[in-house]
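To start, the structure under review is shown below, and the notes come after it.
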Amino acid sequence: MDTIVRWEVTLKRRTVIVEGPLAFHMRRVDAARRGEAGVQIMTFPLLAARLAGGFIRPARSEDLFPAVRSALQEGGFAGLESVRHLPGMTRAVARSLGKIWESDLELAHLAAGSHRLADIAEIERRVRASLPAGVLTPRDLRDAALRRVAQAPTVLGSIELQDIFWVAPVWRPLLRSLYERVPTSWHNPGCTDAGWFPGDVVAEKPASVPAVSVVTCANPRAEAVEALRWVRELISSGQARPEEIAICATATEQWDEHFLVLSSDAELPLHFTHGLPALASREGQACAALADCLLNGLSQDRVRRLFAHSAGRSRALGGLPPTWSAGLQSGAALFDVVQWGHALERATDRRGGGYDPRPVVLPVLELLSRGADAAEEAGELLLGPEARPLWTQALRSAPPKALEFTLQELRLPDRRDAGASAVWCPASHLVGAPRPWVRLLGMTSRSWPRRAAEDPIVPGHVLPRRELDPYPVVERDRRAFAVIASGAAGGCVLSRALRNAQGGLLSASPLIPKGTRAQFFKRARIPQHAFNESDRLLARPHEAAKLPAVTAAGLCWRNWREPAVTGHDGIVRADHPVIARAVDEVQSATSLKLLLRNPLGFVWRYALGWSAPAGEDQPLALDARAYGELVHELLKRAVDALEPSPGYARATREEIGASLASAVRTLDTDWPLQRSVPPAMLWRHTLDNAAGLALKALTLDTIEQPDTRSWTEVAFGEAGVAEERDTDLPWPSGAEVLIPGTSMRVRGRIDRLDLRGDGRAVRVSDYKTGAEPGRAQEILLGGGSELQRVIYALAARQLLPDEPRVVARLVYLGDRQPRPYRLPDIGLAIADLAADVTAAVALLRRGTALPGPDAQEERSDFRLAMPASLATYFRIKNAAISRAFGDFCRVWSRR
């Protein structure tokens, strides 16, 4: 027969009251380490809820904010009616109610003589009525606990207040009643206002006077760096364990991002007691992507970013494949649903059928196009289960239009254990759980102590500030400083910045002990204890100098300041295979211009494949290159519509205008599907201006022979490109064109080609959308910058049969009355081009890939790759670069 042994253990129940999340966690850790049994660790609201019993709990922000918003939406206020819809009103009213409840004010009595307080009292009544069952405000929770105070010996046992330096008036009646039934004590009150407390007050004196030191840093980031160096020093030297170290400030916002990045890089155990920024997580970024679409409108980049987070995770996009966007033009901005519909249709056709994403994507885009009003529905459909709670919390805090700000304020719990880590926290958290090694940041007159601000809902003329807030922030900060500093038995460092993040000067805090000498830390100082690898290399320059990356960077820095050309200026080994391959490719007018006027840029672009950064999603104006392409596209569509019938040469001005208007309408729809365009009004204005230039080009002169055929954008040398549908072209698009005397092939598209019916004469035109430069009639190659006209003439000579007479002209459409400038001697121009290209190729093959005159332009595509002080660089290098180029420099001075 089995023997059942029953153990009866009588637990001595007791309750410890703490304040703040750090104290709550650390007291639980201490209880676990000591093996304590029967101890309950609570805050005042939790104690009251425990005593009240049942399913009662204190109201949290997720309960209060919807209730306050609902109360404000009902309206009917005497003083708040005109401002109840303002952004931030819900948050402000909730904070004011919190102060009123903590101060234990009876609004029903105070509201008799004030419309403002009467409005607040009505909001309080509505809030209390709309809170979920069992969820109580602090006053109601206190009263519910008082009604069951007789159960305190059984439920709570003895009560101990641990390291609490302020008890709000709302909880004091409860403590007095508890004292009559259970033993009550207050350990380490840290304040002088304990006369109202009826229990035992136990004040422990510090074992030793802490050593206080003061340091001054350049700015808040430098403060964060020095703080992490200090933590590393304490841990590595064995002076302190991580759980004995704390870094704090009265408000943490201006250091949070620095500590988040730097501590991760340093791999230091640093716990954020107030939580990590939600936007630093994947879920927070999903919320940010959705808010970006709702608040700033649709665009391809925004939608792609949102779908990258939502595809496969959300309800609406759970089955969307990763290849849904295949075929979309990457340069198209796509700012509305109509453009998206056309773009997805064309992308599906371009892929040749297969999966059609429109049934899934377009309803989502319709929802997003409704903006902030659809925020709640969009969150339910487009966010995953991990991100939806964050989205709901943000919508509770403020109206949807303020999502940009509320998401920045959201916090996620830090999963790192505070009991085994150094902590970064607000001073209000640390004061409830002091640590022996403390560093206080932001010791300036603005932060320690902070300035008391007027309550926006209940200002001083409505209710005296001392009644609304009996323990203002100034006194809280002063008391917190005294408690934290006195508890720092190991050491206390007071840190301040000379300037804020915007560069403004900061004055020292009055709490810094008089006569304490400050130690100044420069940003570039060599630390004794580095906090990460880069900091270690800064402290040991002899080790850093051995790293290949540092060695190369230092050599580049020195070479840029040497009055001689070096490998960092563009000197490479002769016959480099990468450069040889780039030179052997088919060239365009753009690449030849770069070859002649900036050989280094040619190597970067065509040998190494570098390109300029992409422009903004929605520019206010098209850049010069895109604007020129727009004008040329209008010309092409207008002329193509007139050919072959009735024929551009025979068309009237009215027919030309009609074809151009049709081209404008087509591009108004098609162009935004291919690239970014300005906002609607500016885009229409841009189209009208471009149409005006195109009309100038089309009506500049008349064609005398009625049998003349005209083409625009006539391609040559583009091997591998599909032939145009219209086979009635002067030559195949892939026809090869060689520069005489060289092996260099060229390609391009002739802006306009007019061929006489008998084939004996041809005219090629190069249209420029800019204004006419000075001495335009003298331009031949323009120092290597005006090559299109010559290349067009070369193509016409080589590709048209029977060697027709060629007329090549250059037209600047930016003038009111543009004039065509004919190339006087085509043969001479082609010969000069061949000689210049031959010389440029010879330079590159010898390894002289140096910057030319175009590299000095501020708007150069490769400006970012050049030295920051470009003027200084060329002042040092000009003489050496000229000697290296030799006779080739004369190319740039010829007209």
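Please find, within the stretch 506-545, the residue that is farthest from Phe481 (Cα to Cα) out of those that are open to solvent by 40 Å² or more (accessible area, probe 1.4 Å) and among the aliphatic types (A, V, I, L, M). Filtering the stretch 506-545 for residues that are open to solvent by 40 Å² or more (accessible area, probe 1.4 Å) and among the aliphatic types (A, V, I, L, M), the one farthest from Phe481 (Cα to Cα) comes out as Ala545. In the stretch 549-571, the residues that are more than 18 Å from Leu870 (Cβ to Cβ) form Cβ pairs under 7 Å with partners that are part of a loop (DSSP other than H, G, I, E, B), at six or more places apart or across chains, as follows: Thr551/Ala545; Ile571/Val565; Ile571/Gly847. Quick check: anything in the stretch 290-301 polar (S, T, N, Q), under 16 Å from the mean Cα position of the chain (by Cα) and open to solvent by 20 Å² or more (accessible area, probe 1.4 Å)? There is at least one residue in the stretch 290-301 that is polar (S, T, N, Q), under 16 Å from the mean Cα position of the chain (by Cα) and open to solvent by 20 Å² or more (accessible area, probe 1.4 Å). Candidates are the residues of the stretch 759-788 that are in contact with a helix residue (DSSP H, G or I) (Cβ under 9 Å, 6 or more places away or on another chain) and without any contact (Cβ under 8 Å) to a residue 40 or more places away in the chain; the one that is nearest to Pro730 (Cα to Cα) is Glu786. Against the condition open to solvent by less than 40 Å² (accessible area, probe 1.4 Å) and outside any loop (DSSP other than H, G, I, E, B), how does Val423 come out, does it pass? Spelling it out, Val423 is indeed open to solvent by less than 40 Å² (accessible area, probe 1.4 Å) and outside any loop (DSSP other than H, G, I, E, B). At least 3 residues being open to solvent by 30 Å² or more (accessible area, probe 1.4 Å) and among the hydrophobic types (A, V, I, L, M, F, W, C) is the threshold, and among the helices (runs of 4 or more DSSP H) wholly inside the stretch 782-895 those reaching it are 826-846, 870-885.
Per-residue answers, yes or no, for (1) among the small types (Gly, Ala, Ser); (2) in contact with a Ser or Thr (Cβ under 8 Å, 6 or more places away or on another chain); (3) closer than 25 Å to Trp101 by Cα:
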| site | (1), (2), (3) |
| --- | --- |
| Glu160 | no, yes, yes |
| Val167 | no, no, yes |
| Leu178 | no, yes, yes |
| Val182 | no, yes, no |
| Asn188 | no, no, no |
| Gly195 | yes, no, yes |
| Pro198 | no, yes, yes |
| Val201 | no, yes, no |
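Every test in (1) over 42 Å from the mean Cα position of the chain (by Cα); (2) under 19 Å from Pro138 (Cβ atoms); (3) modelled with pLDDT of 85 or more; (4) not β-branched (Val, Ile, Thr) is passed by Leu110 save one, and that test is (3).
Quick one: in the stretch 59-88, of everything that is surrounded by fewer than 19 Cβ atoms within 10 Å (Cβ to Cβ) and over 36 Å from the mean Cα position of the chain (by Cα), which residue is nearest to Pro132 (Cα to Cα)? Looking at the filtered set, the residue picked out is Glu74.
Summed over the stretch 159-175, the residues that are over 14 Å from Val201 (Cα atoms) and not aliphatic (A, V, I, L, M) give a count of 4. Please tell me if Pro359 is of a type outside the set (Phe, Trp, Tyr), out of contact with any His (no Cβ under 8 Å at 6 or more places or on another chain) and in contact (Cβ under 8 Å) with a residue 40 or more places away in the chain. When the stated conditions are applied, Pro359 does not pass them. Residues of the stretch 58-76 that are in contact with a strand residue (DSSP E or B) (Cβ under 6 Å, 6 or more places away or on another chain) and of a type outside the set (Asp, Glu): Ala59 alone.
Quick check: is even one residue across the stretch 93-115 open to solvent by less than 50 Å² (accessible area, probe 1.4 Å), under 24 Å from Ala145 (Cβ atoms), of a type in the set (Asp, Glu) and in a helix (DSSP H, G or I)? Within the stretch 93-115 (the criterion being open to solvent by less than 50 Å² (accessible area, probe 1.4 Å), under 24 Å from Ala145 (Cβ atoms), of a type in the set (Asp, Glu) and in a helix (DSSP H, G or I)), the answer is no, since none of the residues qualifies. When the stretch 467-491 is filtered for residues that are within 30 Å of Ile235 (Cα to Cα) and open to solvent by less than 20 Å² (accessible area, probe 1.4 Å), the ones remaining, listed by number, are Asp477, Ala480, Ile484, Ala485, Ala488, Gly491. Residues in the stretch 642-660 that are of a type outside the set (D, E, K, R), in a loop (DSSP other than H, G, I, E, B) and surrounded by fewer than 20 Cβ atoms within 10 Å (Cβ to Cβ): Pro644, Ser645, Pro646, Gly647, Thr652. Among the residues making up the stretch 769-781, those that are open to solvent by 40 Å² or more (accessible area, probe 1.4 Å) and more than 16 Å from Val807 (Cβ to Cβ) are Ala771, Glu772, Pro773, Gly774, Arg775, Glu778.
Among the helices (runs of 4 or more DSSP H) confined to the stretch 461-574, the ones with at least 2 residues that are among the aliphatic types (A, V, I, L, M) are located at 473-487, 533-539, 548-559. Restricted to the stretch 316-328, and to residues there that are out of contact with any Gly (no Cβ under 7 Å at 6 or more places or on another chain) and surrounded by fewer than 16 Cβ atoms within 10 Å (Cβ to Cβ), the residue that is farthest from Arg302 (Cα to Cα) is Gly319.
Reported count of residues in the stretch 579-612, each being free of Cβ contacts under 8 Å to residues at least 40 places away in the same chain and touching a Leu at 6+ places or on another chain (Cβ under 7 Å), is 0. Within the stretch 366-410, being outside any helix (DSSP H, G or I) and loosely packed, with under 15 Cβ neighbours inside 10 Å holds for Arg370, Pro385, Glu386. Every condition in (1) in a loop (DSSP other than H, G, I, E, B); (2) modelled with pLDDT of 90 or more; (3) not aromatic (Phe, Trp, Tyr) holds for Asp728 except the one numbered (2). Scanning the stretch 227-249 for residues that are in contact with a strand residue (DSSP E or B) (Cβ under 7 Å, 6 or more places away or on another chain) and surrounded by fewer than 23 Cβ atoms within 10 Å (Cβ to Cβ) returns Trp230, Leu234, Ala240, Pro242, Glu244. Just one residue in the set Ala680, Ala638, Ala690 is of a type in the set (Gly, Ala, Ser) and farther than 17 Å from Leu813 by Cα; that residue is Ala680.
Scanning the stretch 687-712 for residues that are surrounded by fewer than 19 Cβ atoms within 10 Å (Cβ to Cβ) and of a type in the set (S, T, N, Q) yields Asn689, Thr699, Thr702, Gln705. Residues in the stretch 132-168 that are open to solvent by less than 30 Å² (accessible area, probe 1.4 Å) and either in contact with a His (Cβ under 7 Å, 6 or more places away or on another chain) or in a helix (DSSP H, G or I) (or both): Leu141, Arg142, Ala144, Ala145, Val149, Ala152, Val155, Leu161.
For the stretch 429-439, the criterion of being under 30 Å from Ala222 (Cα atoms), at pLDDT 90 or above and assigned to a helix (DSSP H, G or I) is satisfied by at least one residue.
If you go through the stretch 608-631 one residue at a time, do you hit one that is touching a strand residue (DSSP E or B) at 6+ places or on another chain (Cβ under 9 Å) and either open to solvent by 20 Å² or more (accessible area, probe 1.4 Å) or more than 27 Å from Arg789 (Cα to Cα) (or both)? Within the stretch 608-631, not a single residue is touching a strand residue (DSSP E or B) at 6+ places or on another chain (Cβ under 9 Å) and either open to solvent by 20 Å² or more (accessible area, probe 1.4 Å) or more than 27 Å from Arg789 (Cα to Cα) (or both).
The values are calculated or read from the model by the stated rules, or taken from the named source; none is laboratory data. All values reported here derive from a predicted model rather than from experimental measurement. We place every Cβ from the backbone using ideal geometry, glycine too, and count neighbours over all the protein chains shown. Side chains included, ligands, DNA and RNA excluded: accessible areas come from the protein's heavy atoms. Shrake-Rupley method; radii C 1.70, N 1.55, O 1.52, S 1.80 Å.
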